[in-house]
Amino acid sequence: MEQGGSYVGIDVAKARVDVAIRPEGDRCVISNDDTGIATLVMQIRELNPVAVVLEATGGLELPLVAALAAASLPVVVVNPRQVRDFAKATGRLAKTDILDAAVLAHFAEAVRPPLRPLRDVETQMLNSLVARRQQVITMLVAERNRLSSAAMAVRPRIEAHIAWLKHELDDLDQGLRQTIRQSPVWREKDDLLRSVPGIGDQISLTLLAYLPELGTLNRRQIAALVGVAPFNRDSGILRGKRTVWGGRARVRTALYMGAMVASRFNPVIRDFYQRLLSDGKPKKLALTACMRKLLTILNSMLKHGTSWNQPATQSLTNSH
């Protein structure tokens, strides 16, 4: 087979993996275990494909993605929303695992999603720790809410669980700090990010875990990837409001918190925010613009390996 001629779509479920290949039209099903993954990687390597596309499925895809990346195969993990929109646009309304794999292969061939740096094993571990921390925080909030109206018979149990969750949160925070400081690359990036007024430990951790592309793309690409780039909603003579959508929700949440703090304590973001308000922009719209500007600054800093410096930051933001 001629090199670079095939596009592989893979739909990952808990027990099985469905595979479709274009333009050949071949399809197969394998077990989602070590043996099945090893066999699939070997078969895909023989194809020498242009791209292997999977959806992000909450972590089920990680073992296979890691194996494909380790074999130096061009694997891309895409946002499920993009694939659903593509399926609707091409008239694919039915949904089965093998059809999902075929849609992914068609998406790979038609859209040609760009190959981005994949999370290595250490970054996946960081990702898992950050996700677990958020789960523990969610459980803590829920238990504290229950405690306020709990009957006396169950209050000691809820209080004991809250104490355990606090201890678990402390352990996770310690593990996250150790993980960051043990990696020279992460340590440098973490130091650069936290030098910016408004970026604290948890925001830096979230960016490192969920936005490994930071510092490798231009400002428009990184804004679109995160989901803070405004898109037009125009049709004919109608002109709708520009809106932001899609992207990575965890990163946007972290940026929102960072922008809120930066709009008070970061001189660059604060002046920008106040200028937008003076121009009559609604607060929510102004804060979204601050998120985008803050992301642009962080992206430029990591790209150039420079820490926070107000005049230099202004020039970097304007040029990139």
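The values are calculated or read from the model by the stated rules, or taken from the named source; none is laboratory data. Computed from a predicted structure; not experimentally measured. All Cβ positions, even for glycine, are placed from backbone atoms using ideal geometry, and neighbour counts span all protein chains on display.
One table, with the values for the structure above:
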quantity	calculated
Candidate set: segment 283-299, residues that are more than 19 Å from T206 (Cβ to Cβ) and either touching a Leu at 6+ places or on another chain (Cβ under 9 Å) or in contact (Cβ under 8 Å) with a residue 40 or more places away in the chain (or both); chosen: the one surrounded by the fewest Cβ atoms within 10 Å (Cβ to Cβ)	K283
Wholly within segment 1-66, strands (runs of 3 or more DSSP E) carrying at least 2 residues that are charged (D, E, K, R)	16-22
Residues (modelled with pLDDT of 90 or more and of a type in the set (S, T, Y)) located in segment 152-200	S195
Any hit, segment 223-235, residues being of a type in the set (F, W, Y) and not in a helix (DSSP H, G or I)	yes
Unmet criterion (only one of (1) in contact with a strand residue (DSSP E or B) (Cβ under 7 Å, 6 or more places away or on another chain); (2) within 28 Å of A131 (Cα to Cα); (3) part of a loop (DSSP other than H, G, I, E, B)) for V76	(3)
Odd one out for L255, checked against (1) under 15 Å from G198 (Cβ atoms); (2) more than 26 Å from the chain's Cα centre (by Cα)	(2)
Any hit, segment 80-90, residues being over 24 Å from the mean Cα position of the chain (by Cα), outside any loop (DSSP other than H, G, I, E, B) and within 30 Å of V226 (Cα to Cα)	yes
Segment 37-55: number of residues that are surrounded by fewer than 16 Cβ atoms within 10 Å (Cβ to Cβ), on the phi < 0 side of the Ramachandran plot and of a type outside the set (D, E, K, R)	4
Filter result for K166 (basic (K, R), crowded, with 20+ Cβ neighbours inside 10 Å and under 29 Å from F265 (Cβ atoms))	no
